[in-house]
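The values are calculated or read from the model by the stated rules, or taken from the named source; none is laboratory data. Small disclaimer: the values here were computed from a predicted structure and weren't measured. Cβ placement follows ideal geometry from the backbone for every residue including glycine, while neighbour counts extend to all protein chains displayed.
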Amino acid sequence: MKRGFLFIFISINARCFLGAIPADTSALVPKPVYGREARVISYLLDHYHYRKLVLNDSLSEAILKQYIRELDNNRSYFLASDIQSFAKYKDQIDDYTRKEDVSPAYTIYSIFIKRYNERMSYVLNYLIGKSFDYTSNELYEADREEKPWAASVSDLNEIWRKTIKSQALSLKLTGKTPDEIKDILKKRYERFQKSFEKFNAEDVFSLYMNAITESYDPHTNYFSPKAADLFKQSMSLSLEGIGAQLTIENDYTKVARILPGGDADKSGKLHVNDYITGVAQGKEGEMVDVIGWRLDDVVKLIKGPKGTYVRLTILPSKTGISGTAKEITLIRDKIKLEDQAAKKSLIHYNANGKELKMGVITLPSFYMDFEEYQKGNPDYRSTTRDVKKLINELKIENINGLVIDLRNNGGGSLAEAIDLTGLFIKEGPVVQVKSSNNQIQLGNDDDQSITYSGPLVVLTNRFSASASEIFAGAIQDYHRGVIVGESTYGKGTVQRVQGLAQLLNEAEPVGELKFTTQKFYRISGSSTQHKGVEPDVKLPTALNPEQYGESSNPSALPWDVIPPASYQKCTDVNAPLIASLNQSYQDRLQHDVSLKNYLAEVDELRQNLRQKTISLNESVRKKQMEEDEKKKSAEKLDTKLGLSKDGMPLDEIQKLKDEYLREGLLILSEVITKRIG
């Protein structure tokens, strides 16, 4: 299951806890307050959620499936008979919840504990230290989410035999001796047991409640008191670290998003979909194996005081979990507003004898310094103010065209998305917002001034979300600019947070509920939800929409349309222009060396991301690793310049290692030349 990236690191996720089980499992019983919280949450969702769903038998079945998935997403612990025994709850969770009874969560969890202990006993007492035959042509299924549940204990034993064999082979290929392999694996699984002692009754309740809330939609979440505090810290950007949001995939910590301004972003050493397998403190600290750890424990290791070093062992996304591990060093820092702010650059390009100057404004988020605004500071920072200033600076340079880079921009202030659009249009509606009572409000740009009226390209990717989609959609609907890149994330909903303490008279702390209340629509009437914004020129992507983005969530609100708003389209972009740009792009696919190489890299990454089985044959795995190293060496030695169709160097554009930006600039250059004749 994939979550919205903004909340991925604070939502309680059982995959974070598939370590060890506390010795005293009898302590995991629900407090009476949990039942009262559950009843109030179900009332709020029934009456105030946008979807207007009622917690019923049908929803109960979806909740049960989700809760089981959270506990055992890779189907490595429960038996098929266990799953069958849970079927009695499939039409009862709604009834239990209204009766303030959350016991099904703890009954199911007690079975999970039993199965987990059996697996740990099998691993520690039998598998670790076992001699494996690495010449056989066995395959390890790394992703079993869609596989049948194990019918017997012997079936589970076989699953775990291959799991440990794969881990042992990975260590063997790094040069570890049999004794070292045994010691590493033994400590790894013993550490699972120790770390899991922190798991408590509140964690079970949080897990269960999120299975309920997320059945309404993926952005509706329950925050325990602890998780609510973490959420508030994240919104204030007060956490110090490397600038990466993490999630758990099976037993691996995976990079979900790189935050602008952190060292992960600035250094370029860490990327989305990389796996983190080890963490070490400072330049010489011992590398701690973190495979199978709880997510919050991994985050604690990575976080630390500003200016200190942290070393990570990663499996790069390009090669996946069967590839060669490498070590990187990052510097912890506090991400400031300045790091999130818009930045500009100027690119020179000779297009068929015409000297062009093209501006690029990179926009990591839609931000506003609310604190300074509330203080009455006339110089408070905001997206629109900063971008306007940068555009004016670029206009002094006499730019011929402009790229707005929204890649990996997860959104932010709706007001800023509206105001930013206003810099490029005279006036008019930018977004429609529909409430659960079917009322529709328009978000308008009322400023008739235009800051920039020249050729415009907007770059997007799969992680451009929310406010980014509003801006890109409006620019496209107004025919004001050309959208280039990947389809956007598809997050077209609005949430509010309700503290449960205001509704419950409880002596002990209670949590908060974040739930969906509104939905965004473009001025054309099309929702940005689910489908996102489709680019005019679609560049290659390795990401499958079914795995990444809103459409990867089974409970995501659907795409739909409402009547369009009244607005006046520009004449900057039309169908013949888009057709011409796409034809030129197709021509470059045939002739441009740099683009061809990039396509090959994308195709390889796509295959790696889709790979669900790993060879347990040592010679096969070693050959794969050697091929990966050869490719890396070839990349370092490849100094060929990108060439245009006629074989001429591409000036400053050819120096760009960022192929998406390079293509965006080439497309912009064509828009410019067609416009100026």
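For this structure, a couple of remarks:
- Criterion applied to Arg606, Arg588 was being closer than 30 Å to Gly320 by Cα, assigned by TED's automatic domain parsing to the domain that holds Val671 and among the basic types (Lys, Arg), and the one residue passing it is Arg588.
- Residue that is modelled with pLDDT of 90 or more, within 23 Å of the chain's Cα centre (by Cα) and assigned by TED's automatic domain parsing to the domain that holds Val102, where the choices are Leu71, Leu55, Leu44: Leu71
- Val360 vs. criteria assigned to a strand (DSSP E or B), among the β-branched types (Val, Ile, Thr) and crowded, with 18+ Cβ neighbours inside 10 Å: yes
- Sole exception among (1) out of contact with any Gly (no Cβ under 8 Å at 6 or more places or on another chain); (2) surrounded by 19 or more Cβ atoms within 10 Å (Cβ to Cβ) for Glu37, by number: (1)
- When the range 475-515 is filtered for residues that are assigned to a loop (DSSP other than H, G, I, E, B), of a type in the set (Ser, Thr, Tyr) and under 23 Å from Pro554 (Cα atoms), the ones remaining, listed by number, are Ser487, Thr488, Tyr489.
- Residue match in the range 405-422 (condition: surrounded by fewer than 19 Cβ atoms within 10 Å (Cβ to Cβ) and modelled with pLDDT of 95 or more): no
- Asp297 being surrounded by 18 or more Cβ atoms within 10 Å (Cβ to Cβ), of a type in the set (D, E, K, R), on the phi < 0 side of the Ramachandran plot and over 19 Å from the mean Cα position of the chain (by Cα): yes
- Residues of the range 573-602 classified as among the acidic types (Asp, Glu) and free of Cβ contacts under 8 Å to residues at least 60 places away in the same chain, total: 2
- Which listed residue, of Gly485, Gly532, Gly525, Gly490, is at positive phi, buried (at least 20 other Cβ atoms within 10 Å of the Cβ) and touching a strand residue (DSSP E or B) at 6+ places or on another chain (Cβ under 8 Å): Gly485
- Given (1) farther than 22 Å from Asn544 by Cβ; (2) at pLDDT 85 or above, index of the condition Met625 fails: (2)
- For the range 112-129, the criterion of being outside any helix (DSSP H, G or I) and surrounded by 14 or more Cβ atoms within 10 Å (Cβ to Cβ) is met by at least one residue.
- Pairs with Cβ under 9 Å, 6+ apart, first in the range 389-409 and in a loop (DSSP other than H, G, I, E, B), second of a type in the set (Asp, Glu) and surrounded by 22 or more Cβ atoms within 10 Å (Cβ to Cβ): Leu406/Glu469; Arg407/Glu486
- Unique residue being modelled with pLDDT of 70 or more and of a type in the set (A, V, I, L, M, F, W, C) when the list is Leu605, Leu637, Leu643: Leu605
- Pairs, first in the same structural domain as Ala465 (by TED's automatic domain parsing) in the range 342-363, second among the small types (Gly, Ala, Ser) and outside any strand (DSSP E or B), C-beta under 6 Å, six or more apart: Tyr349/Ser669; Ala351/Ser669; Leu356/Ser669; Ile361/Ala342; Leu363/Ala342
- Flag if Met368 is more than 29 Å from Thr541 (Cβ to Cβ), in contact with a strand residue (DSSP E or B) (Cβ under 7 Å, 6 or more places away or on another chain), surrounded by 18 or more Cβ atoms within 10 Å (Cβ to Cβ) and aliphatic (A, V, I, L, M): yes
- Residue check, Asp265 among the charged types (D, E, K, R) and touching a strand residue (DSSP E or B) at 6+ places or on another chain (Cβ under 9 Å): yes
- Qualifying residue in the range 502-524 (condition: of a type in the set (A, V, I, L, M), closer than 30 Å to Ile672 by Cβ, at pLDDT 95 or above and not assigned by TED's automatic domain parsing to the domain that holds Arg36): yes
- Glu100 in the same structural domain as Leu44 (by TED's automatic domain parsing), at positive phi and touching a residue at least 60 places away in the same chain (Cβ under 8 Å): yes
- Applying the criterion of being part of a strand (DSSP E or B) and either on the phi > 0 side of the Ramachandran plot or hydroxyl-bearing (Ser, Thr, Tyr) (or both) to the residues of the range 427-470, the residue that is surrounded by the most Cβ atoms within 10 Å (Cβ to Cβ) is Thr460.
For every residue, the table says whether it meets (1) touching a Pro at 6+ places or on another chain (Cβ under 6 Å); (2) of a type outside the set (A, V, I, L, M); (3) surrounded by 19 or more Cβ atoms within 10 Å (Cβ to Cβ).
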residue	(1), (2), (3)
Met287	no, no, no
Glu327	no, yes, no
Arg332	no, yes, yes
Ala341	no, no, yes
Leu346	no, no, no
Tyr349	no, yes, yes
